[in-house]
Amino acid sequence: MKPIVLILGGSGRFGRHMTNVFSKAGWDVRQFNRKTDNMWDAAWGAQVIVHGWNPPYPQWAAEVPDMTSQIIEVASASGATVLIPGNVYVFGQDAPDQFDEHTPHLATNPLGQVRRDMEDAFRASGVRCILLRAGDFIDDRPSGNWFDMIITKSLQKGRFVYPGPTDMPHAWAYLPDFARAAFALIEKRETLATFEDVPFPGYTLTGAQLAKGAQQAVGHPVRTCCMKWLPISVIKPFWPMAKYILEMRYLWSKPHYLDGTRFAQLLPEFQHTPLDTALTSALQHHVQPDQAVA
């Protein structure tokens, strides 16, 4: 009998990649429809629940606690392992540059606190959880993140738009790699701690390094420009999302990286995609046919 995985948020970027990975590995993949499905019925018999739900920022405070409670309740009863894509919001603005599984969660801003409460609830629940933590994502297609919506959106016009100082190290993860690693941890789930917090090292890049890599990927010169934050401040009273984008602005000026020691202990044979390959994959839609890079 095939093992069963329930994907929550299968239409999102993380859910899409996890669907592909589990399907290729021969699992029976169930997609959860929040409008029509019952969580108890959908999860029953599943060995793994992928927590890919990610509502818009303005809805986090209202929706995330309820989502968390639902998943814990069902996983507690069914015995399923919960796979959680973690982020770096929990550490806060005054955290050290290096983030690892022992770094205190000291965020006091609203979004950081929501994520702290969510992780605390899973950690205290006794449910088997694997939390794989990453910085910002580089996807293999445009999927509505900072990388494709802001930073590389204007590459065809020769502009690379960066939201912070270009000399600050910033944590990035190639999403196909992140999904492969998450599945590899799922395969080892019986040998892991009940709550396993695993930082995904990915790539640590300054804005200048990322710009250089993007230029090489598209095969033509690009000019680095600073993103203008003032327009977001101006429209804050009229656009609810603006408040939260400004709240997390500090991550673009705070140097940070994810320590890969625990990751290497658990997955010593994991091969990360080379940065140039990842960027070429992510930016192919910016390359004209006569400019295609090998």
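Laboratory data are not the source of any read-out in this text; all were calculated from the coordinates shown. This structure is a prediction, so every number in the text was calculated from the model and none was measured. Cβ sites come from the backbone with ideal geometry, for glycine too, and all protein chains shown count toward neighbours.
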Among K35, K236, K228, rank each residue by its count of other Cβ atoms within 10 Å, from fewest to most, as a rough exposure measure.
K35, K228, K236
Determine, for T224, T152, the number of other Cβ atoms within 10 Å of each Cβ, and report the residues in order from fewest to most.
T224, T152
Please list, in order along segment 140-155, the HN-Hα scalar couplings obtained from phi with the Karplus expression 6.51 cos²θ - 1.76 cosθ + 1.60 (θ = phi - 60°), rounded to whole Hz, x for Gly and Pro.
8, 7, x, 9, x, 10, 4, 4, 9, 7, 10, 5, 10, 4, 9, 4
Placing unit charges on C-beta atoms (Lys and Arg positive, Asp and Glu negative, everything else neutral), compute the dipole magnitude of the chain about its Cα centre in debye, rounded to 20.
840 debye
In nm, to one decimal, how far is the modelled label at W40 from the one at R223, with both set 7 Å along Cα→Cβ?
6.3 nm
Listed candidates (1) 132; (2) 144; (3) 170 - label of the one calculated as volume of the Cα convex hull per residue in Å³
(2)
In the chain, what % of DSSP beta bridges are antiparallel (nearest 5)?
10 percent
Nearest 500 deg cm²/dmol is fine: what mean residue ellipticity at 222 nm does the chain get from its DSSP H runs of n ≥ 4 alone, each adding -39,500 (n - 2.57), divided by its residue count?
-10500 deg cm²/dmol
Suppose a student asked you for the relative contact order of segment 4-287, using Cα pairs under 8 Å spaced at least 6 residues apart; what percent would you report?
20 percent
For a quick check: with amide H placed at 1.01 Å from N, whose amide H comes under 5 Å from I138's, ignoring anything fewer than 5 positions away on the same chain?
A173, Y174, L175
At a 10 Å Cβ-Cβ cut-off, how would you order D66, D100, D177, fewest neighbours first?
D66, D100, D177
Would you please give the residues with an amide H less than 5 Å from that of F160, counting only those at least 5 places away or on a separate chain, with H modeled from the backbone geometry?
R223, T224, C225
Under a straight-distance cross-link criterion of Cα-Cα below 27 Å, which lysines are reachable from K236, leaving out those fewer than 8 residues away in the same chain?
K153, K228, K254
Taking R0 as 25 Å and r as the Cβ-Cβ distance between F238 and H105, the FRET efficiency 1/(1 + (r/R0)^6), rounded to the nearest 0.05, comes to 0.15
Whole-angstrom gap from segment 150-211 to segment 30-50, using each part's C-alpha centre
28 Å
